[in-house]
Every structure is written in C-alpha cells, then in structure tokens.
Amino acid sequence: MSGGVSLSVRLNYGGPKRLMTVAYAPSSTSEPKPMIRLANRFLAESGFTVGSKIEAEYGNGIITITKKLS
C-alpha cells in the first residue's frame, strides 16, 4: 500500500544522552560511508555486554538498537 500513514513516537528512557557526530568509516573505496561509533560505559550499564546480539532497525532519521535475548 503506497501513501500510507506513518506514526513516529520518540521515547524518553530517562538515561544519559550524548550529542555525537557521524564520521567517515574507514574504507578502501573512494565512496565515503557514514559511521556511528558507540563505545562507552553506558552500553554496559544498559545491558549491552561484549558478545551481546543486537538488532538495528533503520527509519527516516532514526535508528533503534535493541539487545536480543539469547
């Protein structure tokens, strides 16, 4: 169905927020690719430990990252 209705809800989890900048990803091609790097203690405090499986869902201007249960 084209031309459908879209609903957007922004959630506030009450946790810390960081203003970050999208950077260039290292690449062997001449075409630049955007990269967001997340590496901080807030990942571990939110349950994202090394080896955790995650799901990234992409939308228009939003990315949601969810930890998957094993």
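Tabulated data for the structure shown
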| item | result |
| --- | --- |
| Hits in region 23-32 (condition: within 30 Å of Glu45 (Cα to Cα), in a loop (DSSP other than H, G, I, E, B) and open to solvent by 90 Å² or more (accessible area, probe 1.4 Å)) | Pro26 |
| Close pairs (8 angstrom Cβ cut-off, 6 or more residues apart or separate chains): basic (Lys, Arg) in region 32-45, surrounded by 10 or more Cβ atoms within 10 Å (Cβ to Cβ) anywhere | Lys33/Ala25; Lys33/Ser27; Arg37/Ala23 |
| Residues of region 41-65 satisfying the condition of being part of a strand (DSSP E or B) and either within 19 Å of Met20 (Cβ to Cβ) or open to solvent by less than 60 Å² (accessible area, probe 1.4 Å) (or both) | Ile54, Ala56, Glu57, Tyr58, Gly59, Ile62, Ile63, Thr64, Ile65 |
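The values are calculated or read from the model by the stated rules, or taken from the named source; none is laboratory data. The shown structure was predicted, so the numbers you read here are calculated from the model rather than taken from an experiment. With ideal geometry, Cβ positions are generated from the backbone for all residues, glycine too; neighbour counts draw on all protein chains shown. Ligands, DNA and RNA are excluded from the accessible area calculation, which covers all protein heavy atoms including side chains. Shrake-Rupley method; radii C 1.70, N 1.55, O 1.52, S 1.80 Å.
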